[in-house]
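Structure first, commentary second.
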Amino acid sequence: MSKTLLILTGHSKGLGRALLDHFLKKEDVEVLAISRTKLDIEASNLTQLPIDLSELEVLDEELESIFPIANFDTIILINNAGWIGEIKPIGKLHPSEMRTQVNLNLLAPMFLTNSFVKTYKFTSSKNIVINISSGASSRPVSGWGGYCSTKAALAMFTLVAAKENKTDNFKFFSLAPGIVDTEMQADIRKSSDVDFPELEKFQDFKSNGDLSDPKEVAEKIDYLISNVEKFNDVIQDVRKF
């Protein structure tokens, strides 16, 4: 039986938790889950690393332990951890909050992707990197200056990584999950319409039942992983498959 290693960030809630639950059901998948919060879960195929990914010095010290050299047929990195940040217009943002957002949304997945490529570049395993993106990476949204910017930068970083590693054993994706019913959406709905002009639209997404179920999105991400040969473009959106 083939063996798969999944390295997943931000597994404690939202889409990350749905991905964790989905892949823990697979006997052939070992999951290394990284989040600031360690869940009270006992599973033989789960290892949790409680790391605050916005603390880059701590992450740097842990990189070697995150990417083991072992006999896996497929190794997957899903950079899912992210933060909407302060929902305020530029000019009202706090520098410390901006730094935390850039560290978590951009620099941490850059660190992890870089180390992933360094570790597995010359192995025989099938290697897949999925950086969770957003429609906001290509659309300016008032009040989301930090979020739009970090997601756009991560998408470009993913495109460069794919261009540099055009081999059969590496695939890179910048994947927009759609509008998912998570805690992040709840935080968005709590914002001020003064700072976020699209507030009513996002409130309507919830009241109209337009938000995607995290479990369904997790299943679609698994479909992408299982059928990477069908997806040639780096930039992907689950709403299109």
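The values are calculated or read from the model by the stated rules, or taken from the named source; none is laboratory data. Since the model is a prediction, treat every value here as computed from it, not as a measurement. All Cβ positions, glycine included, derive from the backbone under ideal geometry; neighbour counts span all protein chains shown. These area figures cover heavy atoms from the full protein model, side chains too; ligands, DNA and RNA do not enter into them. Shrake-Rupley method; radii C 1.70, N 1.55, O 1.52, S 1.80 Å.
Things to note:
- Solvent exposure of the chain, expressed per residue, is 51 Å² of accessible area, with all protein chains present and a 1.4 angstrom probe.
- Kirkwood hydrodynamic radius of the stretch 103-142, Cα pairs, Å: 12.1
- Pair-distance distribution of the chain: all C-alpha pairs, bin width 10 Å, starting at 0; shares per bin in whole percent are 7, 32, 38, 18, 4, 0.
- Computed over the Cα atoms of the stretch 7-104, pair by distinct pair, the Kirkwood hydrodynamic radius stands at 14.8 angstrom.
- Tally of Lys pairs whose C-alpha atoms are under 21 Å apart, taken over the stretch 6-124, 8 or more apart or cross-chain: 5
- Cα centroid separation, the stretch 71-117 to the stretch 163-225: 15 Å.
- 5 angstrom amide H check on residue 30, placed H, neighbours 5+ away: 4, 5, 6
- Cα-only Debye scattering, the stretch 133-241: base-10 log of I(q)/I(0) at q = 0.11, 0.12, 0.13, 0.19 Å⁻¹: -0.41, -0.49, -0.57, -1.05
- Highest-fluctuation residue, 22, 11, 94 considered, GNM on the chain with Cα pairs under 10 Å: 94
- Compactness of the stretch 37-158 as Cα Rg over 2.2 N^0.38 Å, two decimals: 1.18
- The 3J(HN,Hα) values that the Karplus relation (6.51, -1.76, 1.60; θ = phi - 60°) gives for the stretch 174-187 are, in residue order, 9, 10, 7, x, x, 8, 9, 6, 10, 4, 4, 5, 5, 5 Hz. Gly and Pro appear as x.
- Sites residue 92 and residue 124, calculated FRET efficiency, Cβ-Cβ separation with R0 51 Å, nearest 0.05: 0.50
- Of the trypsin sites (Lys or Arg not before Pro) found in the stretch 1-53, those that fall in a DSSP loop while having at most 15 other beta-carbon atoms within 10 Å are 3, 25, 26, 36, 38.
- Split the accessible area of the chain by element, probe 1.4 Å, and carbon with sulfur accounts for 49%.
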